[in-house]
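Scroll down for the structure; my scribbles are underneath it.
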Amino acid sequence: MFAGAALAWWVAIASPAAHLDHSLLTAHMVQHLLLMLVAAPLILLGATPRLMRWCPHPAFCWVTGTVTVIAWHIPAAFEYALLSPAWHDFEQATFLVSGILFWWPVLATPATWLVPLYLFLATLPCDALGAFLVFCDHLVYVQYRHTHGAFHLSPLQDQALAGAMMWVIVTFAYMIPALVITTNLVAGIETSVRHPANNQCGDTL
């Protein structure tokens, strides 16, 4: 798990493809997705059981992940990070750390009905931001105005592709585990109903 996290981090931060983030918004978006959706959960899955017994409050984790995504996509913050290598490194670090915090309640706590709700609510701000980038008729991040011709994408096409990636990939990354957890919870309820004698809490329920 840690090796997979390290590979995702390398592709996002240090690989030759990582340098495309200053010329393509799509490449920049791929960096964020790799850090938050691949590297972060793999780090948690590779953590020791003792560490995973402790978990920050889910509300804090949700707010941290959501605010990080929204704050860094404010044009002034986004463009300043592009112009400053130090702030760019800080931006990437915050995506990784907030990703770890976001996934912690999902991977470290027993599955309950709150987990699918937690994941569903997390898709909403990302979907809204992704849809805004897809349908916006002007360039949001002016630093990418000179990307015309890169991979045969105009700046607006690059912006729409980046928004579509956030919209679709984040939705699938959050809703697939939400559906799996929901299915398991429903199956557990059906098993308890069919075999009440096997339910250790049957008497108290």
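Looking at the structure I just gave you, is Trp62 of a type in the set (A, V, I, L, M, F, W, C), within 30 Å of Ile189 (Cα to Cα), touching a helix residue (DSSP H, G or I) at 6+ places or on another chain (Cβ under 7 Å) and buried (at least 18 other Cβ atoms within 10 Å of the Cβ)? It is false that Trp62 is of a type in the set (A, V, I, L, M, F, W, C), within 30 Å of Ile189 (Cα to Cα), touching a helix residue (DSSP H, G or I) at 6+ places or on another chain (Cβ under 7 Å) and buried (at least 18 other Cβ atoms within 10 Å of the Cβ). A search for C-beta distances below 7 Å between a residue of the range 169-197 that is more than 17 Å from Pro105 (Cα to Cα) and any residue that is at pLDDT below 95 and exposed (fewer than 14 other Cβ atoms within 10 Å of the Cβ), counting only pairs 6+ apart in sequence or on different chains, returns Pro196/Gly202.
For the range 93-134, give me the residue count where each residue is among the polar types (S, T, N, Q), surrounded by fewer than 21 Cβ atoms within 10 Å (Cβ to Cβ) and under 30 Å from Tyr80 (Cα atoms). Can you show your working first?
As a first pass, look at the range 93-134 and keep what is among the polar types (S, T, N, Q): 94, 98, 109, 112, 123.
After this cut, where a residue has to be surrounded by fewer than 21 Cβ atoms within 10 Å (Cβ to Cβ) as well, the list is 94, 109, 112, 123.
So of that shortlist, the ones also under 30 Å from Tyr80 (Cα atoms) come out as 94, 123.
Result for the range 93-134: 2.
Test His57 against the stated conditions and say whether it is over 30 Å from Leu153 (Cβ atoms) and either in contact with a Ser or Thr (Cβ under 9 Å, 6 or more places away or on another chain) or at pLDDT 90 or above (or both). Working first, answer last.
Working: over 30 Å from Leu153 (Cβ atoms): yes; either in contact with a Ser or Thr (Cβ under 9 Å, 6 or more places away or on another chain) or at pLDDT 90 or above (or both): yes.
So His57 passes the test.
Scoring Phe132 on the criteria (1) modelled with pLDDT under 95; (2) in a helix (DSSP H, G or I) leaves a single failure, condition (1). Taking each residue of the range 28-54 that is without any contact (Cβ under 8 Å) to a residue 12 or more places away in the chain and looking for partners that are buried (at least 21 other Cβ atoms within 10 Å of the Cβ) and charged (D, E, K, R) with beta-carbon atoms closer than 8 Å, six or more apart or interchain, yields nothing. Taken over the range 109-129, residues that are closer than 17 Å to Leu33 by Cβ and either part of a loop (DSSP other than H, G, I, E, B) or acidic (Asp, Glu) (or both) amount to 1.
The values are calculated or read from the model by the stated rules, or taken from the named source; none is laboratory data. Everything numeric in this text was worked out from a predicted model, so none of it was measured. Here the Cβ is made from the backbone with ideal geometry for all residues, glycine too, and neighbour counts use every protein chain on show.
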